[in-house]
Structures are given as structure tokens and as C-alpha cells.
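Have a look at the structure below, then the notes.
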Amino acid sequence: MPTPTETPTLSREEARAALVTIMRRMQSAGLNRGTSGNASIRVPGGMVVTPSGIPPDDLDPETMVFVDAYGTPDTTGLRPSSEFRMHHHIQRGRPDAGAVVHCHSRYATILACCGRPIEPIHYMILVAKSRSVNVAPYATFGTQALAEAVVATMGAGSACLMANHGQVTIGRTWQQALAIAEEVEEQAAIAYGALMLGGGNRLSRDQLADSEEQFRSYGQSPAA
Ligand SMILES: [Zn+2]
């Protein structure tokens, strides 16, 4: 089934350049080390995804790989990220996702390795568009089974942890997907610290609903 294209899209050239920026920002923010982590951006006719096994410093726009709406990578250049199936499956299942970001950030990965969701103990969890960030069941990296587990666990939210692996986020734009990945890592660090002190105090449903209401009028632009 072709990937829906209801969300705003960048041109392939714009997406290739943006993916270089994403990977370098993830590295400088400490979300990634080495060649782990990958990202994709929806473009007309499919998506552009980062290549397999290239460190961020060695990436340039030409190294990025186009994957068509049926999930078939262009074979004329580098091989796509080993997780291109997950990126394709998310973008197919979530028409609101203009970009997908995946990384092995430290605290998110610690929680994921322990099967611990990020519970709502801090209101900023709501940045992930859900009241907790849950853990997708384990599946081997790069497989369709992992892609399906991630989509099912993410539900209508914008993030999930991946058991024994890392985290994945989506955004209408790549800037949003990256910002949510940074916030998920911050929330994971808070959750980790709170667990060390006994677990933290969960926000109530009413408290979360109040914060969701506040977020609707937060910032300078609607529906950010
Ligand atoms: Zn990974």
C-alpha cells in the first residue's frame, strides 16, 4: 500500500539536507554515538532515510536513500538504514508523521532494557502526545516484526521505547520529531532518577488533563 502523503512534505533535496542536520544534532546532543540511530523524512512518492553504517561526520545529502511508497529502497546508491522497514511502516500507518527519528539515547535505552515505560511523573511527558511512553515488545532490529511492534505500541502518540533497544519518535516536521526525541530522553532520565528514589509521584488524571489544556495555549503558534 502506498504511503499516505497528507502531511506537509519537503522535496527530496530538502529532506536529504535535513537528514544530515538531524544526525549531527543527535550526535551533538548526546542522543547518539557512532553509527547507531537513524531518521527519515516523508517526501512526494515515499521517504528519504539515512544510510546504513555511516558516522554522522561522514554523511552528506548524497548519501541519503530514497525509499518508494511500497517500501522498496533505491538500489543505485548506498544501502538504507537497517531500520528502513520501521520508518516505512510508521510513515504508512501515521499520515501525520512527516519525519521519524530513532536513537539509542542512554536513559531511554536503560528503561527499555528493563521493560519500564516512562510514567507520568512530570507534565512534560505530554510532549510525546500521550500520558506515558510505553515499551514495544522485543523484536530483532531491522525486522518487520519490530516495525509492527513499534507502530502498535506508539498508538496515537508520538513516541515509544523499544525493548532492549532504544526509542523512536515522530513529528509533523523533522524539527518536532527531533525535539520530542530530546524530551523523551530528558523524561527517561527523570524517570530513571525517580525510580532510584522509589518511583516518583504519578500525576493524577485530572492533573494531566489540566496540563493538556494548558499546552493547547502554550507557545507562540497553535498546534505546535
Ligand atoms: Zn536502533
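Below, the figures for the structure above:
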read-out: Fraction of accessible area attributable to carbon and sulfur, the chain (%, probe 1.4 Å); value: 51 percent
read-out: Extension gain from S204 to Y70, taking 0.36 nm per residue of separation minus the Cα-Cα distance; value: 44.0 nm
read-out: Reciprocal mean inverse distance between Cα atoms of segment 26-70 - Kirkwood radius, Å; value: 11.4 Å
read-out: Residues of segment 149-167 with amide N under 16 Å of the 7 Å Cα→Cβ point at S82; value: 162-167
read-out: In Å, descending, principal axis extents of the Cα set of the chain; value: 53, 35, 32
read-out: Relative contact order [Cα under 8 Å, 6+ residues apart], segment 51-194, whole percent; value: 27 percent
read-out: Sorted largest first, extent of segment 166-224 alpha carbons per principal axis (Å); value: 38, 30, 15
read-out: Solvent-accessible area per residue, Å², over segment 66-155 with all protein chains present [probe radius 1.4 Å]; value: 44 Å²
read-out: Order by protection proxy (mean Cβ within 10 Å, highest first), peptides 25-32, 139-146, 39-46; value: 39-46, 25-32, 139-146
read-out: Residues A152 and S52, FRET efficiency given R0 of 30 Å [Cβ-Cβ distance, rounded to 0.05]; value: 0.75
read-out: Segment 27-98 versus segment 141-177: alpha-carbon centroid distance in Å; value: 14 Å
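The values are calculated or read from the model by the stated rules, or taken from the named source; none is laboratory data. The structure presented is a predicted model; accordingly, all values stated were derived computationally and were not measured. Here the Cβ is made from the backbone with ideal geometry for all residues, glycine too, and neighbour counts use every protein chain on show. Just the protein is used for accessible areas: all its heavy atoms, side chains included, with ligands, DNA and RNA removed. Shrake-Rupley method; radii C 1.70, N 1.55, O 1.52, S 1.80 Å.
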